[in-house]
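After the structure tokens below, expect a handful of questions from me.
The values are calculated or read from the model by the stated rules, or taken from the named source; none is laboratory data. Just so you know, these numbers come straight off a predicted model, no measurement behind them. FYI the Cβ positions are ideal-geometry reconstructions off the backbone, even for glycines, and counts take in every protein chain you see. Ligands, DNA and RNA are excluded from the accessible area calculation, which covers all protein heavy atoms including side chains. Shrake-Rupley method; radii C 1.70, N 1.55, O 1.52, S 1.80 Å.
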Amino acid sequence: MTEVAGTRMPAEYEPHLGVILHYPHIPAVWRGQNGDCRYARFAFREVARAISRHGKEDVHMFCNDEADAAKLRIDIKEKGEVQGIFIHVAPSNDSWARDTGPTFAFKVDQTSSAGKPILKGVDWDFNAYGGPDSGAYWPCEEDKVLATKMVEKLAPQYGDQVDMGVMERKQLVMEGGSFHADGEDTILTTEECLLNKNRNPEMTKHEIETILKETLGASKVIWMTKGLYKDLDTNGHVDNIACFVKPGHVLLAWSNDISDPQYDISRQCEAELLAQKDAQGRSLTVHKILCPQPPLFYTQEEVDTLTPMEGYVGRDVGERMAASYVNFYIANDAIILPGFDRPETDRQAREVIQGLFPDKKVVQLYTREIILGGGNIHCITQQIPSPAIETTK
């Protein structure tokens with residue numbers, strides 16, 4: 001396997017030390033009573049428990065302040081003690097750990113002075129998905145420094161296994177949900193997001209590709225034109241429409257309803273994927289998973305239980321949500337899969353995912369409260385890869 005620039009970002013389906021989440025605390029994003037974000041907080045705790053119990057990896061939950069952390073320590077035990085859930089404090093402007101947390105990559109063929117693998121948490125620049133004019137919220141000063149703070153909190157816990165540090169890449173505005181890695185030199189992304197004028201308008205496609213390759217250790221970037229229909233907050237993050245499920249295999253969000261705008265988007269993405277080869281010269285196999293049917297829309301009650309805040313994007317009654325089953329998390333021993341109270345497509349999604357991951361337990365959780373905020377399970381999680389996968393290569 002050819003590695004570029006001395007780094008390698010492992011695929012999500014490779015072994016993990018653990019996973020990062022950031023607990024909800026913004027009432028403009030997460031509905032509740034008197035601004036307490038209670039519904040999303042319950043959903044986040046369910047995701048954390050599922051990963052810990054079934055995924056068999058550490059779970060690191062970061063809270064905005066000590067008061068939230070103290071309450072979480074009590075609430076996390078409401079269904080019984082769960083080992084392996086660690087609670088930290090690091091202020092943030094929102095709760096999308098995939099996007100504002102560190103993206104991890106190993107240094108290739110290098111070890112620390114103590115002989116341990118070197119794991120870097122990439123700290124990209126961040127502009128809240130579009131900056132002051134079109135971002136989902138602004139300003140985002142806490143989120144700009146969140147990745148580094150997370151690495152500083154995590155490094156001591158894993159110091160006996162890995163030398164963990166920060167790799168700054170502040171020359172590029174980037175979110176972790178805007179790309180997927182296959183672990184074998186290929187990156188998957190969308191033009192809708194990375195080439196959006198509200199991200200890096202002064203940079204060419206080639207320049208963006210070059211930084212991605214150098215940082216993540218890739219030699220090929222596969223571009224799809226669009227992300228999921230109505231994924232407006234993120235401008236079409238790839239992790240809501242497609243992902244690698246193993247090298248050479250991509251899972252794609254799909255619609256069979258010709259009247260649904262997603263119908264044409266999915267077919268365009270399929271054609272673009274089938275026209276490409278990955279970094280190892282393999283033609284891609286495309287697997288399909290239906291979007292929830294019928295689609296999800298914001299209700300009056302849901303909009304009324306949000307607390308408007310200056311700088312944060314608002315929601316409208318009847319607005320379609322960007323709901324997709326692709327937005328799942330691959331844990332060590334389990335797949336944590338969104339569910340939407342859509343019996344037929346929920347069932348179909350479980351079957352598709354179980355077929356793609358026959359050795360993992362599929363745990364489907366009802367996640368409407370997370371999608372209300374603009375993302376889903378993959379968006380709120382960020383894996384910490386295990387050094388074992390590097391020392392065995």
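Please name all residue pairs, on different chains or six or more residues apart, with Cβ atoms under 6 Å, provided the first residue is in the range 123-146 and is closer than 12 Å to Glu175 by Cβ and without any contact (Cβ under 8 Å) to a residue 60 or more places away in the chain and the second residue is open to solvent by 20 Å² or more (accessible area, probe 1.4 Å) and aromatic (Phe, Trp, Tyr).
Qualifying pairs under 6 Å: Ala128/Trp138.
Need the failing condition index for Ser52 against (1) free of Cβ contacts under 8 Å to residues at least 40 places away in the same chain; (2) among the hydroxyl-bearing types (Ser, Thr, Tyr); (3) closer than 30 Å to Lys213 by Cα, just the number.
Condition not satisfied by Ser52: (3).
Given Tyr312, Tyr329, Tyr366, Tyr325, which one is of a type in the set (Ser, Thr, Tyr) and more than 24 Å from Ala50 (Cα to Cα)?
Testing whether each residue is of a type in the set (Ser, Thr, Tyr) and more than 24 Å from Ala50 (Cα to Cα) leaves just Tyr312.
Could you list, in sequence order, the residues of the range 199-218 that are surrounded by fewer than 17 Cβ atoms within 10 Å (Cβ to Cβ) and among the polar types (S, T, N, Q)?
Thr204, Thr210
Please state which one of Asp346, Asp341, Asp316 is under 17 Å from Asn376 (Cα atoms), of a type in the set (D, E, K, R) and not in a helix (DSSP H, G or I).
Asp341
Table: residues versus (1) open to solvent by less than 10 Å² (accessible area, probe 1.4 Å); (2) in contact with an Asp or Glu (Cβ under 8 Å, 6 or more places away or on another chain).
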site	(1), (2)
Leu17	no, yes
Ile20	yes, no
Pro24	yes, no
Cys37	yes, no
Ala48	yes, no
Gly55	yes, yes
Cys63	yes, no
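Restricting attention to the range 351-381, report how many residues are touching a Phe, Trp or Tyr at 6+ places or on another chain (Cβ under 9 Å), assigned to a helix (DSSP H, G or I) and either within 23 Å of Val286 (Cα to Cα) or open to solvent by 10 Å² or more (accessible area, probe 1.4 Å) (or both).
Residues in the range 351-381 being touching a Phe, Trp or Tyr at 6+ places or on another chain (Cβ under 9 Å), assigned to a helix (DSSP H, G or I) and either within 23 Å of Val286 (Cα to Cα) or open to solvent by 10 Å² or more (accessible area, probe 1.4 Å) (or both): 4 in total.
Within the range 68-79, restricting attention to residues that are in a helix (DSSP H, G or I) and either hydroxyl-bearing (Ser, Thr, Tyr) or open to solvent by 70 Å² or more (accessible area, probe 1.4 Å) (or both), which residue is nearest to Tyr13 (Cα to Cα)?
Arg73
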